[in-house]
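Each remark here refers to the structure printed beneath this line.
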Amino acid sequence: MTGDPGDTTRPSARATYIEYTHVGEVRRGSGIHIGDTYILTAGHCAPGDDIQVRVDGNLSAAIVVWRSDNDDVDLAILDAADLEPVATLGFARLSDDSDARVPAVAYGFPHWKGQHVADTDGHIPLAERQHAFDGHRDWSGTYRITQPPTDAPPLTGDTVKTGWAGFSGTAVLHPDSGHVLGVIRGHILQAGTGNLTMTPVHAIDLLQPDSKARFCEILGIGLPDTWVVAGTPPRQGLSVGPIPLYPRGYIERPQVISLIEQLNATAGVSVVYALSGMRGVGKTQVAAAVARDCRSRGWDLVGWINAESADTILTDLAVVADALGVADPDGNPQGSAERLRNHLSSDSGRNLLVFDNATDPDTLRGYLPSGSTRTLITTTDKGFAHYSDNGNHVELGVYDRDQSIAYLDTVTALADPVGADMLAEDLGDLALALAAAAATIARRRYTYDKYSTILTNYPLRSALKRTPGQDYPGCAVEALSLAVDTVEPLSQHIAGVVAVLAPDGVDQRILLALATTSEDIDELDVEDAIDDLCGLSLLTYTDDNTLVMHRLTARVIRERGTPAQLTDAIADASAALWHVFPDSADTWSQRAFGAHLTPHVEALSNRVQMSDQPTDLSKILFPLRMWVVNNRRKCADLATAIRAGTRLVTDSERVLGAGNPDTLTYRNELAGAYMSAGRLTEAIALYEDTLTDREHVLGADHPDTLNSRNNLAVAYSEAGRLTEAITRYEGILADSEHIFGPDNLITLATRNNLADAYSEAGRLTEAIAQFEVALADSDRILGPDHPITLTTRNNLAVAKRAGGDLTEAIALHEDTLTNRVHGLGADHPEVLATRSYLAGAYESAGRLAEAIIMYQDTLTDRERVLGPDHPDTLTTRNNLAGAYRAVGHLAEAITLYEDILADRERVLGPDHPDTLTSRNNLAEAYGAAGRLPEAITLHQDTLTDRERVLGPDHPNTLTTRNNLAGMYFQVGRLAEAITLYEETVSGCERVLRSDHPDTAITRDNLVAAYRAAGRDNDADRLLG
């Protein structure tokens, strides 16, 4: 059969649903009952003999009777003997005319259609065939259907793949003649919903003669050279100018489809479209695709004009005018351009003018025609958006990641999506850079890893060198450099500042702060420069007032700058950052801004280390880096604080020396971060080393040395090493009184710390005595309303509460609260903290109703003032849960504890000491509610994590070990309980001293366990 389409049976009734087994997995596809009992499908849908087909509702077994021996010709024939024979459909070969268009309809079973017949109406633009790389033929037998079916759902991400699952093998037919044109072979996931790939049936010409003949023999048809040719040549219009060809690996973009639809929907109307974007995003390729489509549709005129300058505009418009026969008789380009504009303004045909790479809106304005002519402008200047009618301005960005990977995969032929993803990340998905990289990889047969190494170790001009014959006319570096060269000096300097900062975006406040670095500019000058850079797409605003520069643009600016320019940029960026750092009082409320600033400081540090910048620049950055450590620690971002602090100490030791006072200060900050994270062993070791060095470098009496001694004592106390902490505090207090006098603030603070350590150790009489001396001194020296005086009064109240003097404790807390409200205002964090302490005192006194009300009110105010995620807010919720538990409201307590644990894990991280405390409290609440299996499991997990994070002898670890032993005791697991109690008693005696209250409680618990197990002698021995 040659040209006869054969049977007139509805093609949709021939649609075949196929199930087959591949590598032990049942898969599905589509096909068509092509003739007799034969089914035409894709070769990859016929991998073996276990095949079932369903035609018009009837299920049949099928076998493979022919399959292509060439991977590029993805075709197969099945024989389902149980089918009712039908006449064979006719076949057609596709026209070789690159602009020919063929209407087509596909019959198959995509997943989003279930198992119902699906009709895909669209066209097969033959110009979009995919080229192969093996040279002896010019195509791979694959075409793309670019128009999705009208009822296809919006498919994105993984749903694109699952949505089209089962459509492979679908037959593509001419809707008028019924000839078979090809078979769907797959779907280009990265290119969007409608990009289906098709193997044309005349691709059998690529097969070995025997295989091709067998295909035709089975179906009873002639060889392909006898088939009719499908494809209507386009209406011939006039095409003028060098419209770029489809580049290798061309990726269809949604903007192309949108522009084509808009252009064809505005017949008879003059419309101007502006297509803007930074250099290298592919604006010209999008415009070229639109121009090629208009040409293939037979538009009367498609003119391509180089709009880089007034001269190129006039030259190219004169060429178009000459082609239309309306050029100036004297050959005057200006006259020809005007005559062309007038001619097109009065013409009613379908005309398109593309002004590529336009730079000056005012120059171009006088040459735009009216009438029915449509105009498309590509530019980096967003000023052209004012030309576009009814919002016809398209901002073209970089490829999305899937498009980048698809492009690299096509051009390089490397089956390495992970490598492609990493390279696309390095190049920022910029089309121009990807083209340069892919061409180099393909030409030199590099792997992605090899090329990425080159990209890292060599300047961009070498790594992104243009290769001969590449689709883009210039090197990516040259294109981006040209964009920077067009702006004013201040704009170039601001671009340089952005380039040395972190790539994920720069808050506008940072750039406006540059006005403080020079007396010659103000914020309005900076705003004008930012507008200039945004207008040329060198910077782009995001929704949150952040400015983003493409990574490649930033690198080009850095590499082309002189050392002096880079030094100035880094220095000014540092000054701007320092200017916008939040005040200490606003650390938490501005924590998101602090998190934004952190990577910028890190980026500047990296720039200095990777370049030949002077050492003085590193010194300038050290205080900024210490701010990061301190800020991130206070905002509970402890992983960042420790990472930044570790790098800071290393760099300071290298640049300033290990014994430099600033280096010692940075080591002190890092130790503080360790302590906040509960990593007390590391904190103590670093504090000890810092103290030793400060004593050697600064002397024993220097204030920084005393500060180190105090910090070390605090760390000892946190670790439960209270005897050592107290010894340290007593020595510091004596030295401070000797060096600075009894009334010095350092002396007052040290006495407070010593009293607190006494209280922690259970030495409450000594603690209260020291607090009372400290309070009297503070009241006398600073006054009764001074913050230090109020803090000391609060601490005395806490000690009184611990000693059982609840009446005095409550009175002191109430007095402190009154004074703090008077001096600071009701919403000050210190006032809220005092209310929380007072609520705790009420709870200890059994005034639970008042405690719960105060906790609730404090929680409401802390959520309003500090935010729901502030550590102090979470602590108040924890205290409220404890009060609920104390009053017997276990269900409410457990719900609140569970919520707190989830929030602390989210905000602070799973290993933060406060998070581990929440897990301990929740386990205790489970136990109190009789949910002992859950309590035991949670305590076991908490003990494991506290031993790992805090160490086996940390006081909190000892508490959890004691609590788990108590749970074992309750369920009768006495042997395990006794083992844990023994370990806990040993640890308490070793860490806290034998007379510490916690040691006494744990010893009593062990005695009870011994007696329950019948080991009275051991109990008596312990009581001794």
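Annotations for the structure displayed:
- Residue 424 being modelled with pLDDT of 70 or more, buried (at least 16 other Cβ atoms within 10 Å of the Cβ), under 27 Å from residue 560 (Cα atoms) and in contact with a Lys or Arg (Cβ under 7 Å, 6 or more places away or on another chain): yes
- Which listed residue, of 40, 89, is among the aliphatic types (A, V, I, L, M), buried (at least 20 other Cβ atoms within 10 Å of the Cβ) and not in a strand (DSSP E or B): 89
- Single residue of the stretch 503-532 satisfying the filter (under 14 Å from residue 546 (Cβ atoms) and at pLDDT below 90) that is surrounded by the fewest Cβ atoms within 10 Å (Cβ to Cβ): 504
- Residue that is modelled with the lowest pLDDT [pool: residues in the stretch 327-365 that are part of a helix (DSSP H, G or I) and among the hydrophobic types (A, V, I, L, M, F, W, C)]: 364
- Residue among 726, 684 that is assigned by TED's automatic domain parsing to the domain that holds residue 646, in contact (Cβ under 8 Å) with a residue 24 or more places away in the chain and either within 21 Å of residue 760 (Cβ to Cβ) or out of contact with any Ser or Thr (no Cβ under 8 Å at 6 or more places or on another chain) (or both): 684
- Scanning the stretch 908-955 for residues that are of a type in the set (Asp, Glu), within 17 Å of residue 980 (Cβ to Cβ) and in contact (Cβ under 8 Å) with a residue 12 or more places away in the chain yields 924, 941, 945, 953.
- Filter result (farther than 16 Å from residue 913 by Cβ and acidic (Asp, Glu)) within the stretch 932-950: 934
This table checks each residue for (1) within 27 Å of residue 1000 (Cβ to Cβ); (2) surrounded by 22 or more Cβ atoms within 10 Å (Cβ to Cβ).
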| site | (1), (2) |
| --- | --- |
| 713 | yes, yes |
| 723 | yes, no |
| 730 | yes, no |
| 749 | no, no |
| 755 | yes, yes |
| 763 | yes, no |
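- Check on residue 881, surrounded by fewer than 16 Cβ atoms within 10 Å (Cβ to Cβ) and of a type outside the set (Phe, Trp, Tyr): no
- Qualifying residue in the stretch 523-534 (condition: under 25 Å from the mean Cα position of the chain (by Cα) and in contact (Cβ under 8 Å) with a residue 60 or more places away in the chain): yes
- Hey, residue 698 in contact with a Pro (Cβ under 7 Å, 6 or more places away or on another chain) and not hydroxyl-bearing (Ser, Thr, Tyr) or not: yes
- Looking across the stretch 300-326, the residues that are on the phi < 0 side of the Ramachandran plot, in a loop (DSSP other than H, G, I, E, B) and at pLDDT 85 or above come down to 300, 307, 326.
- One residue from 888, 882, 909, 867 being over 32 Å from the mean Cα position of the chain (by Cα) and part of a loop (DSSP other than H, G, I, E, B): 888
Conditions tested, residue by residue: (1) in the same structural domain as residue 298 (by TED's automatic domain parsing); (2) modelled with pLDDT of 85 or more; (3) out of contact with any Cys (no Cβ under 8 Å at 6 or more places or on another chain).
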{"residue": "6", "(1), (2), (3)": "no, no, yes"}
{"residue": "20", "(1), (2), (3)": "no, no, no"}
{"residue": "39", "(1), (2), (3)": "no, yes, yes"}
{"residue": "48", "(1), (2), (3)": "no, no, yes"}
{"residue": "63", "(1), (2), (3)": "no, yes, yes"}
{"residue": "66", "(1), (2), (3)": "no, yes, yes"}
{"residue": "78", "(1), (2), (3)": "no, yes, yes"}
{"residue": "93", "(1), (2), (3)": "no, yes, yes"}
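- Subset of the stretch 979-1010 [more than 28 Å from residue 804 (Cβ to Cβ) and over 50 Å from the mean Cα position of the chain (by Cα)]: 1010
Residue-wise test of (1) part of a strand (DSSP E or B); (2) at pLDDT 90 or above; (3) within 52 Å of the chain's Cα centre (by Cα).
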site: 178; (1), (2), (3): no, no, yes
site: 184; (1), (2), (3): yes, no, yes
site: 194; (1), (2), (3): no, no, yes
site: 197; (1), (2), (3): yes, no, yes
site: 203; (1), (2), (3): no, no, yes
site: 221; (1), (2), (3): no, no, no
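- Taking the criterion of being in a loop (DSSP other than H, G, I, E, B) and more than 25 Å from residue 429 (Cβ to Cβ), the residues of the stretch 503-520 that qualify are 518, 519, 520.
- Residue within the stretch 922-936 that is in a helix (DSSP H, G or I), surrounded by 16 or more Cβ atoms within 10 Å (Cβ to Cβ) and either of a type in the set (Lys, Arg) or out of contact with any helix residue (DSSP H, G or I) (no Cβ under 8 Å at 6 or more places or on another chain) (or both) present: no
The values are calculated or read from the model by the stated rules, or taken from the named source; none is laboratory data. No experiment lies behind these values; they were computed from the predicted model shown. Cβ sites come from the backbone with ideal geometry, for glycine too, and all protein chains shown count toward neighbours.
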